[in-house]
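Please treat every number below as a calculation from the coordinates, not as lab data. Model, not experiment: these values are computed from the prediction. All Cβ positions, even for glycine, are placed from backbone atoms using ideal geometry, and neighbour counts span all protein chains on display.
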Amino acid sequence: MNNLEQRKFVIIAAFVIIGIIFLIQLFSIQVIDDSYVSSADNQALRFVTKYPSRGIIYDRNGEILVLNQAAYDLMVVPGQVENIDTTLLCEILDITLDEFESNIDRASSYSKYRASIFKKQMTASEYAQLAERLYQFPGFYGQKRSLRIYPDSVAAHVLGYIGEVNQRQLDLDSFYRSGDFIGISGIEKQYETMLRGERGREVLMVDVHNTVQGKYENGELDVDAKSGYNLESTIDLRIQKFGEQLMRNKKGSIVAIEPKTGEVLCLISSPTYDPNLLVGVKRAKNYALLSQNDSLDPLFNRALMAKYPPGSIFKLIQSLIALDEGVISENTGFTCNKSLVGCHNHPSANSIKEAIQMSCNPYYHQLFKRLINRGRSKSYFEDSALGLEHWTERVTAFGLGQRLALDLPNLKAGNVPSVELYDRIYGKRRWAFSTIYSLSIGQGELEVVPLQMANLAATIANKGYFIDPHLISNIQNLDSNLPWEHHETGIDAGYFEPVIEAMQWVVEKPGGTARRARIDGIEVCGKTGTAENPHGKDHSVFIAFAPKENPKIAIAVYVENAGFGGTWAAPISSLLIEKYLTDSISDTAKQNQIIRADLISLEDVYED
């Protein structure tokens, strides 16, 4: 190879090397270090996130439970902030100079050339004071978004609330970006993917004075935001509001269900709170006050999470299983033998209907013994275990001891004790009926949540089946069937007749334990209970459905530390039933007495 050719290859190699160096440098500037391109683009272009409107939630009659209100985030590009009147901006935003500097430092640590939030969730009126003078503050601009608004300030435990995504949520789901909002509890959390919508983008041209000059490329790079789906809930706003009013100054819950459909008509946990407290920039402060500084724990959803012994309500299940198993007939009687288990004074029950009406404890002690000890084994202990195993299967068919398919998070399952549980406690087959007889009257290791008791009332109203309790009936503009299932108890429908008749006696006959639940012109079928409370006064419990024929509403009411079920829970239930069925109240004196009653002691209110 001659010298000329060698020089040619050297020159070509030099050009190639120089080209590679330039390409590497260009790649570094444009891709690795975006400060140059960001600086150039952001002087001329503004990339604005278009946040979607979150889906609206309606009640069963089309009344709005949750809607959106315009709000604004004040954005800042730190690299463009220069020669501004900091004192004036702080005055308009009602912040200190230290807060201003802290916000700028935080934004700069993210990027000097990309926008980030300087002040979040300004109301429309707050932003309006700034908007007309925004040209004086280069590097700042407003970005529209929305806040949730609860027009009637009710159903906080049903609807839930939203909050800003945390790092864990960002790591779990790539859909979200820092500054996005997500459902934290209630329907807002359960139906997050339906409600949230899809964000969009707008590319705007701005001048050196931070004034928008128009859309870039006539909006060809813009992407429209897609609003979230609207939800139609099963809640009846009328009785939700009325129920919360009745439960004011009381601890407890109300759950009402439409038996034929499983639709939840109201779900009330008391004490409650105004859901508007957990909206916007004040959310963190108010959440701390509600969760840490309030001994009444208004954030705790008692309707779904509080576990109680069912008490005498459970006698309805015992009656149905015993009839279906054939260990008693409708006319079986037992002596009210108080040496077996304590009871109040009443005649001995000569039938299952009288036993339910008078809520006789010794009757159910003897009934339960027949269910458990069936002579399946010569060993008394093994016979008790076999009996309990079968009994547990029958009880769980009523939806107890398991999470019902309600479309809300954090629902508890309660507890139906099993053979395995007693083997762990007492040793394998070292226990018998005499160990577990308290189950006969709904005490012992039995635990239920109020939703399960309302579902029990619906199951009896339906004479043997229930539909999954649920809170959403339709997702607008989405062709999809919600997965609510039909469940059978396995109890013959004929055995429900005497039990339902007895539940009517409980309310209407002299000697019935729920006379305060009577409503003129409406046949109410109910059962009182007194759930034992080892830490204080017992809880007042009542379940019911109405009317007797073709029931429209099933309900469970728990009032903590209020004693006998017929005193408080029964009249509250009757008022709500009447309001739902007639949209009126005939006994206003009873209504006023309930509303005025304060069953929360001063010790509870001011407890450390």
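Results, tabulated for the structure shown:
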{"quantity": "Separation of the residue 178 and residue 403 label points, Cα + 7 Å toward Cβ, nm", "calculated": "3.3"}
{"quantity": "Fewest-first ranking of 487, 539, 344, using other Cβ atoms within 10 Å as the exposure measure", "calculated": "344, 487, 539"}
{"quantity": "Residue among 128, 69, 388 farthest towards the positive dipole end of the chain, charges placed on Cβ", "calculated": "388"}
{"quantity": "Test item: Cα-centred dipole of the range 165-317, Lys/Arg +1 and Asp/Glu -1 on Cβ, debye", "calculated": "1040"}
{"quantity": "Local net charge near residue 92, Cβ-Cβ under 15 Å (Lys/Arg +1, Asp/Glu -1)", "calculated": "-4"}
{"quantity": "Neighbour net charge for residue 437 - beta-carbon separation under 15 angstrom, K R +1, D E -1", "calculated": "+1"}
{"quantity": "Estimated inter-spin distance, residue 598 and residue 281, nm [label 7 Å along Cα→Cβ]", "calculated": "3.6"}
{"quantity": "Separation in nanometres of the label points that stand 7 Å from Cα toward Cβ, at residue 430 and residue 226", "calculated": "6.3"}
{"quantity": "With eigenvalues of the C-alpha gyration tensor scaled by 5 and rooted, the chain, Å", "calculated": "64, 29, 21"}
{"quantity": "Of 377, 342, 321, farthest towards positive along the dipole that unit charges on Lys, Arg, Asp, Glu beta carbons give the chain", "calculated": "377"}
{"quantity": "Candidate lysines for bridging to residue 338, where Cα separation is under 19 Å - those fewer than 8 sequence places away on the same chain excluded", "calculated": "315, 369"}
{"quantity": "Ranking of 431, 391 by count of other Cβ atoms within 10 Å, fewest first", "calculated": "431, 391"}
{"quantity": "Gyration tensor verdict on the range 452-518 (Cα atoms; rounded if a/c is under 1.5, prolate if a/b is larger than b/c, oblate otherwise)", "calculated": "oblate"}
{"quantity": "Point-charge dipole on Cβ atoms (K/R +1, D/E -1) for the chain, about Cα centre, debye to 20", "calculated": "1340"}
{"quantity": "FRET efficiency, 1/(1 + (r/R0)^6) with R0 56 Å, evaluated for residue 94 and residue 260 via beta carbons", "calculated": "0.55"}
{"quantity": "Rounded to 5, percent antiparallel among DSSP beta bridges of the range 46-233", "calculated": "95"}
{"quantity": "Efficiency of FRET from Cβ geometry, residue 481 and residue 101, R₀ 51 Å, rounded to 0.05", "calculated": "0.40"}
{"quantity": "Under Karplus coefficients 6.51, -1.76 and 1.60, residue-wise ³J(HN,Hα) of the range 258-272 in Hz, glycine/proline x", "calculated": "7, x, 5, 10, x, 6, 7, 7, 7, 9, 10, 10, 10, x, 10"}
{"quantity": "Helical mean residue ellipticity (222 nm; -39500 (n - 2.57) per DSSP H run of 4+; nearest 500) of the chain", "calculated": "-10500 deg cm²/dmol"}
{"quantity": "The chain: antiparallel DSSP beta bridges as a percent of all, rounded to 5", "calculated": "95"}
{"quantity": "Distance between the range 403-417 and the range 207-278 - C-alpha centres, whole angstrom", "calculated": "23"}
{"quantity": "Charge dipole of the range 250-387 about the Cα centre (unit charges at C-beta), most positive-ward option of 311, 352, 252", "calculated": "252"}
{"quantity": "Cβ-based exposure ranking for 334, 545, in which fewest neighbours within 10 Å come first", "calculated": "334, 545"}
